[in-house]
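Below is one structure; the comments refer to it alone.
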Amino acid sequence: MQSIRKRLSILFAISSLIAILLTILFVNITINNKFNKYMLDIQNKRNERIVSYFEEVYKRDNMWKEDSGIELMHEAYMGNYCLTLRDTNGNVIWGMDPSNIIDSSHLSNMNVENKGVYVNKKFDVIVDGSTVGYVELGQYSSILLTEEDIEFKSSINRSIILSGIGTLGIVILISLYLSNELSIPIRKIAKTSKRLSNGNFNAKSYYESDIEEIEELRDNINILGEKLRYQDMLRKRLVSDISHEIRTPLNVLQNNLEAMIDGIFPVNNQRLVSLNEEVIRFGKLLNNLDTLKEFEDESICIDFENIILDEFIMEIVHEFSLEAKSKNINFECTIDKEESYLIYGDRDKLKQVFINLISNSIKFTNSNGYINLYLYKNNESTIVEIKDNGIGIKQEDLPFIFERLYRGDKSRQSIEGNGIGLTIVKKILNLHYASIDVESEEGVGTSFKINFNNTKA
Ligand code: ADP
């Protein structure tokens, strides 16, 4: 396996090498073509100049002489090409030997490209519209280059190659920097996640990156760490809370039974009923813990169906009316009848939600208090609000009331409960894509607001 740094560096280096080689090749071919074209143009102009020189010579003498234009021979030797002058019958008036231009000493100043193939071009010498002779121009290459030309060409090639090498160097440095920019933060995040997986939930990644995705990854790992730490704390607290919750009824049972065995308490019906109530309470706690476990294992089965929420709520309210009345609590239900309240949900689970909330309200509201239940629609949502003027919840307890076994301040321990109801409520609502919010003031009252999203529920 390769590290990100190595893999990225190799990728950058290979791709930039290919790009630079292609650029060098392209620039080189283009410059060579342009240069050759330029040299050909010059050569053609030279040819035109030579032919018109011969035309001038013929015009001046009105005939060909044995030395007509022979002064061009020197230039031809120096320019590494061969000149031959012929009359209209094709007879040579004077001419140069092609082998001379290869052997001659001045060749050290000339370079011949594609040496070897001798090309001869024939041009008409035209005076007053009629051909008076021919000039032959022969050379060993299509393009003749001087040493300066060759030097010019190769210096351009050298600069292209040098700039290519320079660019490659810069690209390699940049690629090392960029791959470091990627690999260092990822490596740090990997280290943090390893520490988290080893159970060190205090591990956090502090190394900031300006790459959006990496920063997001770092944030998520940090959030994950916080959640794991929180869950770990809850787990530890849960164990101690459960043992506390179980120990209390067990102690009551044990003390009472021991007192009965020792004959301190008489064994009568009233005592046995009270002990039985304790056993029932204990059973309820275990049942609730079982339900909670099912939710936490995600093994709970949900049976979705269409529910007409207003009718459904009215049935539950009806079931609680006697209990509320016995405590002299005014329980009212306000439903906006204009609307239809069809939602998709699990009937039994949602019933448990409303039972938990309403029974809490009755439990935590003193006699002569009131409970109001509102059902209405708000844009995309169906809202159920359960409001009471009971004992309320302390501000410091509010963030925790949906936690397992959280029961608020000690003063309410006398009211029966085990702190699991709201945890189950929240989990059921989560399965229905619904949310629950709470507002409360100690001594004033509490309001729970459930929000069913109509597009999802
Ligand atoms: P419990 O079995 O104790 O009722 P819940 O999970 O249902 O457990 O509630 C957790 C805690 O939230 C309760 O112990 C209580 O302190 C607080 N609480 C819930 N509902 C109300 C309410 N309507 N009024 C006042 N306090 C409430």
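This model, with +1 at the C-beta of Lys and Arg and -1 at the C-beta of Asp and Glu, gives region 305-453 a dipole about its Cα centre of some 500 debye.
Placing unit charges on C-beta atoms (Lys and Arg positive, Asp and Glu negative, everything else neutral), compute the dipole magnitude of region 4-164 about its Cα centre in debye, rounded to 20.
On the way: 17 positive and 20 negative charges, 303 e Å.
My answer is approximately 1460 debye.
Peptide packing for 179-186, 423-430, 272-279 was compared via the average number of neighbouring C-beta atoms within 10 Å per residue; ordered from the highest value, the list is 423-430, 179-186, 272-279. A straight Cα-to-Cα reach below 16 Å connects Lys153 with the aspartates and glutamates Glu113, residues fewer than 8 places away in its own chain not being considered.
Rounded to a whole number, what % of the accessible area of the chain do carbon and sulfur atoms account for, probe 1.4 Å?
54
Applying a DSSP loop filter and a limit of 16 other Cβ atoms within 10 Å to the trypsin sites (Lys or Arg not before Pro) in region 361-394 leaves Lys394. Normalising by residue count, the chain has a Cα convex hull of 310 Å³ per residue. Partners of Lys6 within straight-line reach, counting aspartates and glutamates whose Cα lies under 16 Å from its Cα and excluding those fewer than 8 residues away in the same chain: Glu181.
Short-range pairs are left out: with C-alpha atoms under 8 Å and at least six residues apart, the relative contact order of the chain is 10 percent. Relative to the current alpha-carbon distance between Gln2 and Phe400, full extension at 0.36 nm per residue lengthens the span by 138.6 nm. Using a cutoff of 8 angstrom between alpha carbon atoms and counting only pairs six or more residues apart, the relative contact order for region 199-300 works out to 20 percent. Taking every C-alpha pair closer than 8 Å and separated by at least 6 residues, the mean separation divided by the residue count of region 305-453 gives a relative contact order of 23 percent. Just to be sure I understand the curve: with the Debye formula and one point per C-alpha of region 305-453, what is log10 I(q)/I(0) at q = 0.09, 0.12, 0.21 Å⁻¹? For region 305-453, the Cα-only Debye profile gives -0.26, -0.47, -1.48. Annotation: amide H-H contacts under 5 Å for Phe331 (H modelled 1.01 Å from N, sequence separation of 5 or more, or interchain): Ile371.
What is the Cα centroid distance between region 357-424 and region 124-195, reported in whole angstrom? The two parts, judged by their Cα centres, are 79 Å apart. Between the residues Gly408, Ile308, Tyr433, the greatest Cα displacement towards the positive end of the dipole of region 305-453, with unit charges on the Cβ of Lys, Arg, Asp and Glu, is found for Gly408. Taking every full run of DSSP H in the chain, the ones that stretch at least 30 Å from end to end by Cα along their long axis and average -0.5 or higher on the Kyte-Doolittle scale are 4-61, 147-197.
Across the cross-link table entries Lys327/Lys427; Lys194/Lys227; Lys45/Lys121; Lys427/Lys449; Lys65/Lys121; Lys387/Lys449, which are compared at the Cα atoms, the separations over 18 Å belong to Lys327/Lys427; Lys65/Lys121.
The values are calculated or read from the model by the stated rules, or taken from the named source; none is laboratory data. Being a predicted model, the structure only gives us computed values, none of them experimental. Counting neighbours? That spans all protein chains shown, and the Cβs are built from the backbone with ideal geometry, glycine included. Remember, those area values only see protein heavy atoms, side chains included, never the ligands or the DNA or RNA. Shrake-Rupley method; radii C 1.70, N 1.55, O 1.52, S 1.80 Å.
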